[in-house]
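Okay, structure first, notes after.
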Amino acid sequence: MKAVLGPTNTGKTHLAMDRLLAHASGIIGFPLRLLARENYERMVARKGPRQVALITGEEKIIPPDARWFSCTTEAMPLDRPVEFVAVDEIQLCADSDRGHVFTDRLLHARGLVETMFLGAETIRTLLQRLVPQAEVETRPRLSQLVHAGITKLSRVPPRTAVVAFSAAEVYAIAEMIRRRRGGCAVVMGRLSPRTRNAQVALYQDKEVDFLVATDAIGMGLNMNVDHVAFAGLGKFDGHQPRALNAAEVAQIAGRAGRGMRDGTFGTTADCRPLPPEIVQAVETHCFERLEQLCWRNSALDFTHVDALLATLVAPPPGSGLVRGNDATDMQTLAALAREPEVRELARGRSRVRLLWEACQIPDFRKLAEDSHVRLCGRVFRHVVRDRRLPTDWLAAQIAMLDRTDGDIDTLMQRLAGVRVWSYIAARADWVADAPHWQGRAREVEDRLSDVLHERLTARFVDRRAAHLIRRLEAGERDTLLSAVTRRGEVVVEGHPVGQVEGFGFVPDPLSEGDGRRLVLRAARRALHGEIPLRVGRLESEPDTAFAWLPSQQIAWDGIPVARLRPGADALHPQVEVLDSEFLDGPSRERVRLRLQRFVHGQVRSALTPLVAATAAADAEGALRGPLHRLAEGLGVVPGATEDAIPPGLRGRLKALGVRAGRYALFVPALLKPHAAAMRALLWGLRGGVPVPALPAPGMVSIAQPAGWPEDFAAAMGWIAAGPVLVRLDVAERIAAELAYAARLRPVAVPAGLGSRLSVRPEAVPAILHGLGFRVIPAGALASDAFGPPMPALVAPLRHRPTAAPPMRRPPPADHPFAALAALRG
């Protein structure tokens, strides 16, 4: 019997595998299913599938002629006599949850010819006390392990494994590495062997340079890791949060530097520095010896449920052994033993043994409620009453898990459920046609594993960025092949890295942090050749390729390339090309001149009447003043002008398309929608304010908009008239008609005036008052009078309302008009 002890990377497992296969038969137990699977495949490669078996809780591949067995420690078939027996990571005897299984193997697992225990030096004292006949061999580490201190997460070197202690931390760190370094592989204990192997292959094949893992990485995963960075120094051990001890830090840090290659370890992210005493212990491989191992009685009494429970809680037989935490199987048994139905069924040794076996169904789901207890109880009842589990129930339970929708955590939870049913399906004494149901469960597990691998890769790996980072960090920047496609897509080394928009480069949205700077570096060379071509293309474009945006920017093919600034006057805004590191001075000026021509053309096209009138003023001095004010007002100068402008001048203005009205001096043609939109843009540019939305075309009156700036309505040609705004040309037309009709006396309010103003009839008086008129309400008909009543009258406000003419006294009888009065009477 031999115990081979030492730190990580000492070749212990390799030695055990060689000794195993050198014997005619043998069993080796590993702490994890994925390690049992990995070494099973190595054994198959050397001995062939017909002579090698795999036994774990969920998988049983046992050929009839099997001679060598790769197992999880719990599943080792100790009733099978073999020449060689080995147990890996024997220091787990001290684990409070699983330690009793390893301690039992230490005390009772023996090979006919050779027995070997592999583990850390910390167990030497207790191992020699409990198994004094064991020969202890210490093996030194094959490479050095050196502390590297604290490293920023964005600066960890390639071939680094970052270790976190919760799924949330793993996801957050993996996401950050994807953004900054191109991506990473993810390894957690909850992954199936198939998913874990696929993720490790990403790392081993150098598709990514980083690995983010939980402490599951510390158990026998052999990868090409140069540096281990701890993102935390504490974990939840299933019962309470606690700090890592020096041996646990060493077990994880030992993944760095495999074979003869040295490795380093340290901390990263928000993790505090490693204490000096832990650093020294890890570098020198000197750790405190284990003082006690966890033990549970394996000589169980199956005569009765209570007797079984009593033997499970029996005290340890000697010093150095203590009871660990109550395992899930014992907790489940205690819960089921309280059910009268279960106690009634569990009579006799065979039934009690069956109950214990049902309670040992692993609780991979860990839902923290009694669903696992109910499952174990149902399995026990079915097997007792029906001798087999119902096929339809088994099929339905597996089918419920055969779904690939959901996020990463949902898929991992389904995988945990499938593992439970894989364990149950492997029991040929419980399940009819066990190989079929094992295959069905394995099929679902494989499908979920493949989808989970795809989801992890899609979320945490950017192969393009990882490839480019590797090339650039290797100093190959000058040899990178880059180009720009006809659609403006920038391609570097065959990977699309972003888009040319205008004269700027927009990196791929997935590229952030260091990845963004990387993409800029990789794309810059291609863009320096592309931008001059785009400048030439812009110069030859027609005006229809450009657009004046409400944000006061000029867009080319929908992409802003310049902004507008106020010019010397309102009709001549200036173009300023947007900043671009790819445009030099001459190229920028070429772009500006072309866009300046576009802007001037747009202004002239939309405001042709105003531009023409302003040009005509140069030939006649009397027109210069009014037209200058009109140009500054963008076609509308609010305020009465009828009296200020002589009739002769008004006629000459009218010939130029300018009207001097009672409310404003304006150009009626500029109130049309196209011209109004241009005037609004120029007004907003001059005032440095956002351009409000204009009323819909065809509107003649609107309610006062809440968001319009002060003076905007008047500048756009809308007159405040009582409760509404009336379009200037409509207000001038109606006011002129009413003023002419009521020039001598009040006249009846024209029929249909409300329709012309697009308002209700009752709003007309208030609107007319705002336009400078008053409405005299209709008079009531006297009781002794006949005929239609007097209608409502309208009159200018400057004409005071007059009463009926006063009755004159009749002339004296001798007055000459007396005879005329008599004739009139």
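The values are calculated or read from the model by the stated rules, or taken from the named source; none is laboratory data. Not measured: the values here are computed from a predicted model. Every residue, glycine among them, receives a Cβ derived from its backbone with ideal geometry; neighbour counts consider all protein chains shown. Keep in mind that these areas ignore ligands, DNA and RNA; they rest on the heavy atoms of the full protein, side chains included. Shrake-Rupley method; radii C 1.70, N 1.55, O 1.52, S 1.80 Å.
In table form, for the structure just shown:
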| read-out | value |
| --- | --- |
| Antiparallel DSSP beta bridges within segment 221-329, percent to nearest 5 | 25 percent |
| Label selected from (i) 305; (ii) 237; (iii) 259, the criterion being volume of the Cα convex hull per residue in Å³ as computed here | (i) |
| Fraction of alpha-carbon pairs over 28 Å apart in segment 591-736 - percent | 19 percent |
| Only Lys, Arg (+1) and Asp, Glu (-1) charged, at Cβ; segment 1-155 dipole about Cα centre in debye | 440 debye |
| In Hz, Karplus ³J(HN,Hα) per residue of segment 298-309 (6.51, -1.76, 1.60; θ = phi - 60°; x = Gly, Pro) | 9, 8, 8, 9, 9, 6, 7, 4, 5, 5, 4, 4 |
| Pairs of lysines in the chain (C-alpha under 29 Å apart; 8 or more residues apart or interchain) | 13 |
| Rounded to 5, the percent of DSSP beta bridges in the chain classed as antiparallel | 50 percent |
| Value of relative contact order over the chain, rounded to a whole percent, pairs C-alpha under 8 Å and six or more apart | 8 percent |
| Electrostatic dipole magnitude of the chain [Cβ: Lys, Arg +1; Asp, Glu -1; Cα centre; debye, to 20] | 2260 debye |
| Rg/Rh (Cα only; Kirkwood hydrodynamic radius) as it applies to segment 563-602 | 1.01 |
| Shape category assigned to segment 136-264 from the gyration tensor of Cα positions, a/c cut at 1.5 | rounded |
| Net charge, GLU114 excluded, C-beta distance under 9 Å - Lys, Arg +1, Asp, Glu -1 | +1 |
| Per residue solvent-accessible surface (Å²) - segment 365-469, probe of 1.4 Å | 44 Å² |
| Proximal charge balance of LEU452 [Cβ under 11 Å; K/R count +1, D/E count -1] | +1 |
| Sum of side-chain charges, GLY57 neighbourhood, beta-carbon under 10 Å (Lys, Arg +1; Asp, Glu -1) | 0 |
| Nitroxide proxy distance, nm - points 7 Å out along Cα→Cβ at ASP205 and ASP97 | 3.3 nm |
| Inter-part distance where segment 267-345 and segment 54-89 are each reduced to a Cα centre, Å | 23 Å |
| Alpha-carbon centroids, segment 395-425 and segment 588-666: separation in whole Å | 78 Å |
| Accessible area of the chain belonging to carbon and sulfur atoms, whole % at 1.4 Å probe | 54 percent |
| In sequence order, calculated HN-Hα J values of segment 86-93 (Karplus, 6.51, -1.76, 1.60; Hz; x Gly/Pro) | 9, 10, 8, 6, 5, 5, 5, 4 |
